[in-house]
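Reading through the structure tokens given below for one structure.
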Amino acid sequence: MRNLILLVGVVILYIDQSYSQNTGGFDITSNSTVQFIVTDPLGRRTGEDPRGVDNPYQGKRLEEIPNGNYSTDSNGDNPSADSASQSVDFGFEFGVGISSPQNDGVYTIETIGTELGKYSLEIIVTPENESTLQRFRQDIEGLTDKDQVTRYRFSYNGAVGAPVKFEKIVTQRLLRKDLDNSFKLKLLGNNAFYKSLSETINRFHESLSAHDTATAHITLQNYWHLISAVPRGNDTTASQFVLADAYTILQTDLNAFLKKLPAIPPLNKSKSKSK
């Protein structure tokens with residue numbers, strides 16, 4: 001009996017040590033242009049929603065993830081709606097301790113715009129000392145507008161070498177919004193150039209609505225040809241240009257959408273009958 005108790009104690013100790021070797025911190029930071037909400041694999045949310053409040057830099061708080069913390073990241077006082085965008089060091093941060101395999105799974109990160117502008121997002125998983133938890137880091141740059149929602153999916157596994165995937169969830173609406181924001185922020189050419197891109201996106205949406213996959217593919221490729229065929233330098237005097245910030249974001253959107261489109265159906269070839 002005593003030997004059995006000792007064996008159980010050793011097993012418990014071994015399990016505790018195994019879990020302690022797979023622990024660390026999961027941290028997300030953003031600049032002031034977006035707040036964000038994190039949803040864990042069990043559907044619990046933590047963050048702030050800036051929509052529908054007087055001061056979008058102090059939104060509606062969610063605190064559902066155990067021990068998760070969402071706070072203002074600033075060297076100064078809490079910002080007001082008038083001064084927040086002026087603070088160089090102002091942003092938002094989320095942090096929580098995680099263990100593997102308990103906290104492995106799919107996390108969703110929703111950025112919500114506090115204003116029109118560029119945003120940055122940094123996602124880091126850092127193992128504790130002597131932990132074997134898998135490291136991860138992803139730096140994101142995007143464009144947003146007030147109250148605009150952009151979603152990211154983070155599929156995490158803490159075992160070293162296990163597959164980890166971070167992806168932007170690109171919808172038809174987001175494809176349009178990123179183009180519109182690029183124009184509003186003067187990251188691409190004049191109104192005529194923007195209109196030609198916008199009309200191409202309209203044709204793409206129409207093809208999808210008609211379930212015409214082949215035309216949708218071709219239209220989206222034409223859209224990218226219009227973007228990639230113009231200068232990408234810093235010369236904003238030309239009628240047609242795309243600055244680097246917009247180019248990278250629009251390219252990411254295009255690639256994500258091409259991957260999710262159904263495959264182009266093969267052409268039907270009728271066999272001619274010899275007489």
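Before moving on, here are some points about what is shown:
- Qualifying positions in segment 221-253 - among the hydrophobic types (A, V, I, L, M, F, W, C) and surrounded by fewer than 19 Cβ atoms within 10 Å (Cβ to Cβ): Trp224, Leu226, Ala229, Val230, Ala238, Ala244
- Note on segment 218-240: residues that are among the hydrophobic types (A, V, I, L, M, F, W, C) and in contact with a helix residue (DSSP H, G or I) (Cβ under 8 Å, 6 or more places away or on another chain) amount to 5.
- Ala162 falls short on exactly one of the conditions (1) at pLDDT below 90; (2) in a loop (DSSP other than H, G, I, E, B), and that condition is (1).
- Number of the exception - Glu199 against (1) modelled with pLDDT of 95 or more; (2) in the same structural domain as Thr111 (by TED's automatic domain parsing): (2)
- Val106 in the same structural domain as Val34 (by TED's automatic domain parsing), of a type in the set (A, V, I, L, M) and either at pLDDT 95 or above or surrounded by 15 or more Cβ atoms within 10 Å (Cβ to Cβ) (or both): yes
- Taking (1) over 22 Å from the mean Cα position of the chain (by Cα); (2) over 23 Å from Glu141 (Cβ atoms); (3) of a type outside the set (Ser, Thr, Tyr) in turn, Leu261 satisfies each apart from (1).
- Test result for Ile218, surrounded by 15 or more Cβ atoms within 10 Å (Cβ to Cβ) and assigned to a strand (DSSP E or B): no
- Restricting segment 173-215 to residues that are of a type in the set (A, V, I, L, M, F, W, C) and without any contact (Cβ under 8 Å) to a residue 12 or more places away in the chain, the residue that is surrounded by the most Cβ atoms within 10 Å (Cβ to Cβ) is Phe183.
- The set of residues in segment 59-73 being hydroxyl-bearing (Ser, Thr, Tyr) and either more than 22 Å from Gly113 (Cβ to Cβ) or modelled with pLDDT under 95 (or both) consists of Ser71, Thr72.
- Qualifying position, being modelled with pLDDT of 95 or more and in a loop (DSSP other than H, G, I, E, B), among Gly47, Gly43, Gly76: Gly43
- Filter pass, Lys165 being loosely packed, with under 14 Cβ neighbours inside 10 Å, under 30 Å from Pro127 (Cα atoms) and among the charged types (D, E, K, R): yes
- Output for segment 182-231, where each listed residue is farther than 21 Å from Ala256 by Cα and basic (Lys, Arg): Lys184, Lys186, Lys195
The values are calculated or read from the model by the stated rules, or taken from the named source; none is laboratory data. Computed from a predicted structure; not experimentally measured. Neighbour counts run over all protein chains shown; Cβ positions are idealised from the backbone, glycine included.
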